[in-house]
Amino acid sequence: GINAEYGKQWYQRRVRAEDRGCCDKCAKTFIILINIIIILLGGAILGAGIYWQLSDTGFYKEIFNHAIFNVPIISIVIGSLLLLVGLTGFLGACCEALFLLKIYMGFLIVIMLAEIVIAVGCVAMKSEVEEFASNRTLELISYYGDDTKDDASIITKTIDEIQENFECCGVYGPEDWGNNTAYNDGGTITVPTSCCLESERSDDTCGSYVAWNDNTKINSQGCKTSIINFVENNLLYVGICAGVIVIFQISILIMASKLRTTIEDENYENF
């Protein structure tokens, strides 16, 4: 009957799978392991996106939402796609389903093309992204230390981390802290301790005690310039990382193609 025929085909497929060479077995194992990682990564990004979107604090929507770059929604979309791609590859390799492997390879090709489009788009929209980031950061500076706008102190901690790690102050310079009423006393602008030079942060005479234009103990360079300089100085590493990712994706595509060809050859021999 049908069950007997199916059982015979399953047994023959299993025997052929055990007779495969090391390269074929490695290709299948590689695809399964990689897609388990992709599934976990996709789930994490999806969960973070949903959390950001549903968060009641308002911080995530203030800092992440934008007409074009709506990070929570983008995270949900990317997480969902990664889950879909990972499950397709995992099930395709585990069940040796040709149609799933073909769909998986199609996904990989589309993702690589999308990466090229996104890279070109980021370069083309560089000035718009910089302007948005600068304007939004100036707005966040006005929320610094304000419990009504930053109840979890996330904005305050984030700005402090940026100013300390990049040794900078404000977006364009220390005068940007005039946007925050707590640091603007009738035109006399002071700055938080995170603007101080590393060697001066423990000094009581640094930060909010001295007007920014009379203070020789603070970083005078704006964070926009510092971050741009940091990126430009590390372009080589960015290029290396991008190259490794491309090679990795091509390797996955080759392994998937190898497994698909092996299964097709076995099915042809069976037939």
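The values are calculated or read from the model by the stated rules, or taken from the named source; none is laboratory data. It should be emphasised that the depicted structure is a prediction, and the values quoted were computed from it without experimental measurement. For neighbour counting, all protein chains shown are included, and Cβ atoms are generated from backbone atoms with ideal geometry for every residue, glycine included. Side chains included, ligands, DNA and RNA excluded: accessible areas come from the protein's heavy atoms. Shrake-Rupley method; radii C 1.70, N 1.55, O 1.52, S 1.80 Å.
Tabulated data
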{"quantity": "Those residues of segment 92-106 which are free of Cβ contacts under 8 Å to residues at least 24 places away in the same chain and either of a type in the set (A, V, I, L, M, F, W, C) or touching a strand residue (DSSP E or B) at 6+ places or on another chain (Cβ under 9 Å) (or both), in sequence order", "calculated": "95, 97, 99, 100, 103"}
{"quantity": "Scan of segment 95-106 for residues that are out of contact with any Asp or Glu (no Cβ under 8 Å at 6 or more places or on another chain) and either at positive phi or open to solvent by less than 60 Å² (accessible area, probe 1.4 Å) (or both), ordered by number", "calculated": "96, 97, 100, 101, 104, 105, 106"}
{"quantity": "Residues of segment 107-124 classified as open to solvent by less than 40 Å² (accessible area, probe 1.4 Å) and closer than 16 Å to residue 35 by Cβ, total", "calculated": "1"}
{"quantity": "Number of positions in segment 145-165 that are surrounded by fewer than 19 Cβ atoms within 10 Å (Cβ to Cβ) and more than 23 Å from residue 213 (Cα to Cα)", "calculated": "10"}
{"quantity": "Verdict on residue 168 being within 18 Å of residue 144 (Cα to Cα), modelled with pLDDT of 90 or more and open to solvent by less than 60 Å² (accessible area, probe 1.4 Å)", "calculated": "yes"}
{"quantity": "Whichever residue in segment 171-180 is closer than 17 Å to residue 146 by Cβ and either of a type in the set (Lys, Arg) or free of Cβ contacts under 8 Å to residues at least 40 places away in the same chain (or both) and, among such residues, is surrounded by the most Cβ atoms within 10 Å (Cβ to Cβ)", "calculated": "177"}
{"quantity": "Hits in segment 73-92 (condition: within 16 Å of residue 49 (Cα to Cα) and touching a Gly at 6+ places or on another chain (Cβ under 6 Å))", "calculated": "75, 76, 79, 82, 83"}
{"quantity": "Filter result for the condition that a residue is within 30 Å of residue 179 (Cα to Cα), modelled with pLDDT of 80 or more, out of contact with any Pro (no Cβ under 7 Å at 6 or more places or on another chain) and loosely packed, with under 14 Cβ neighbours inside 10 Å, over 134, 142, 127", "calculated": "127"}
{"quantity": "Residue count, segment 112-164 (criterion: without any contact (Cβ under 8 Å) to a residue 24 or more places away in the chain and on the phi > 0 side of the Ramachandran plot)", "calculated": "1"}
